[in-house]
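Inspection log for the structure reproduced underneath, given as C-alpha cells.
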Amino acid sequence: MLVVYATLSLAGVMSDLNEAMAATAELEAELAQAHSENAKLRADIDSLGTDESAEKLAREKLGLVKSDEIVFIDMN
C-alpha cells in the first residue's frame, strides 16, 4: 500500500515538475525576446539624437523639404 502511494505521489510530483520546466522555458524565451526588443529600442533612442534621424523623420512623417529642393508629385 505504501509503495502504491509513493509511486502515485512521485508521478504527481514529476508531472508538476514537467509543467514547471515547460513554463520556465516559455518565460525564458519571452525574456530573450524582451531583451532583444529592448536593445532595438535603445538603439532607436540613441539614433534619434542625430541630425540625420531628425531630417529623416521630418521628411518621412511631416513631408518637409529643404528650401532649395524641388518637389515632384507623381499623379499616377
(message) Quick check on the stretch 43-52. Is at least one of its residues loosely packed, with under 10 Cβ neighbours inside 10 Å and either of a type in the set (Phe, Trp, Tyr) or at positive phi (or both)?
(response) no
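For (1) among the small types (Gly, Ala, Ser); (2) assigned to a helix (DSSP H, G or I), each residue gets a yes or a no:
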| position | (1), (2) |
| --- | --- |
| MET14 | no, yes |
| MET21 | no, yes |
| ALA25 | yes, yes |
| ALA29 | yes, yes |
| ALA34 | yes, yes |
| ASP46 | no, yes |
| ILE70 | no, no |
(message) Given the criterion among the polar types (S, T, N, Q) and exposed (fewer than 10 other Cβ atoms within 10 Å of the Cβ), identify the matching residue among ASN18, ASN76, ASN38.
(response) ASN76
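Coordinate-derived values only; no laboratory data. Keep in mind that what you see is a predicted model, and the values were worked out from it rather than measured. In this analysis, Cβ positions are derived from the backbone assuming ideal geometry, glycine residues included, and neighbour counts consider all displayed protein chains.
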